[in-house]
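Report on one structure; see the data block that follows.
The values are calculated or read from the model by the stated rules, or taken from the named source; none is laboratory data. Remember, predicted model here, so these are calculated numbers, not experimental data. We place every Cβ from the backbone using ideal geometry, glycine too, and count neighbours over all the protein chains shown.
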Amino acid sequence: MTAALLGAGLEGAGVIVSGAAGDIGGATARALAEAGARVCALDLPGDALDAAVASLPGRDDHIALPLDLGNTGTIDAAVRDAADRLGTLWALVHAAAFLRRQAPVDVTEETWDAQLDVNLKATFWLNRVVGELLVARGSGGRIINFTSAAWMTGPMIDSDVYAASKGGVVTMTKGFARRLGPWGITVNAISPGQIETAMQRKENSAEAMAAVAANCPLGRMGSAEEVAAVAVFLASRHASFVSGATINVSGGLLMY
Ligand SMILES: NC(=O)c1ccc[n+]([C@@H]2O[C@H](COP(=O)([O-])OP(=O)(O)OC[C@H]3O[C@@H](n4cnc5c(N)ncnc54)[C@H](O)[C@@H]3O)[C@@H](O)[C@H]2O)c1
């Protein structure tokens with residue numbers, strides 16, 4: 001094994017993790033902190049974000065970025081300011097998202113916008129500003145977005161609007177991968193299958209979740225930590241030639 005394969009190369013790296021007060025974002029923030037990264041934890045303002053930052057391991061100078069990603073007009077300035085405070089910006093892991101399960105007949109302008117704004121529009125604003133900051137820094141970098149297995153299967157259990165937003169994330173990820181590649185910046189999407197989190201349980205039934213788990217070759221849901229491990233890999237030096245990819249983390253529920 002060459003020396004380059006021994007460490008993740010994340011010691012001291014500045015990493016912005018959105019959804020850091022949630023399950024997968026939280027597990028990813030912790031795993032990156034354990035790998036030596038300095039984390040900027042982004043989520044809605046509140047006790048959950050404060051507690052998430054306070055519990056991050058590794059170092060004592062992780063920072064919080066309380067931000068409502070639904071207000072896209074505030075993203076650019078807030079991220080530039082956070083990157084200044086963080087220093088050595090290396091990666092964005094964008095795990096925040098909003099799911100509202102509704103039959104199409106019940107979808108309103110409000111519920112459509114709430115999901116598209118956070119899941120798709122904010123992804124563009126975050127990718128754009130982080131891309132600009134990484135290009136200006138000139139040391140390469142990583143952007144890791146989150147889609148869902150629904151990008152490929154289409155909506156399951158009344159997630160039509162959410163699934164459409166996650167299809168857009170895959171397409172957008174490929175665009176930023178092409179644009180930012182010449183600066184040594186990789187851009188990828190993680191596509192979780194059925195993961196045991198608050199979002200998975202939201203407006204869902206135990207029976208419906210059990211039925212999906214039974215169809216998974218591994219016969220279970222995944223954990224937030226199992227997804228976080230893939231995010232750490234993509235953020236690491238080991239993933240230096242992976243870009244524009246949609247990484248399937250579904251335990252074989254989907255095969256591609
Ligand atoms: N859990 C699954 O089975 C599953 C499946 C496919 C895809 N995903 C994707 O994985 C990612 C993480 O999901 P999770 O299961 O950990 O969800 P979660 O609900 O536990 O966490 C989502 C986080 O996003 C934050 N968030 C929501 N709206 C926000 C806003 N306007 N501004 C800032 N933060 C906001 C929430 O506060 C929360 O902390 C999401 O992108 C989700 O779409 C999850």
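Summary table
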{"read-out": "Enumerated helices (runs of 4 or more DSSP H) restricted to segment 147-234, each holding at least 2 residues that are more than 10 Å from the ligand (Cβ to nearest atom) and crowded, with 20+ Cβ neighbours inside 10 Å", "value": "160-180"}
{"read-out": "Conditions (1) over 16 Å from V232 (Cβ atoms); (2) more than 9 Å from the ligand (Cβ to nearest atom); (3) in contact (Cβ under 8 Å) with a residue 60 or more places away in the chain: number failed by A8", "value": "(1)"}
{"read-out": "Tally of residues being surrounded by 15 or more Cβ atoms within 10 Å (Cβ to Cβ) and within 13 Å of the ligand (Cβ to nearest atom) across segment 112-136", "value": "12"}
{"read-out": "Condition met for L69 (at pLDDT 95 or above and in contact with a helix residue (DSSP H, G or I) (Cβ under 8 Å, 6 or more places away or on another chain))", "value": "yes"}
{"read-out": "Residue within segment 160-168 that is over 21 Å from A41 (Cα atoms) and of a type in the set (D, E) present", "value": "yes"}
{"read-out": "Long-range neighbours under 8 Å by Cβ, at least six apart or interchain, first residue without any contact (Cβ under 8 Å) to a residue 24 or more places away in the chain within segment 137-162, second within 14 Å of the ligand (Cβ to nearest atom) and of a type in the set (K, R)", "value": "A150/K166"}
{"read-out": "Qualifying strands (runs of 3 or more DSSP E) (wholly inside segment 24-103; at least 2 residues being within 15 Å of the ligand (Cβ to nearest atom) and closer than 15 Å to V130 by Cα)", "value": "38-43, 89-94"}
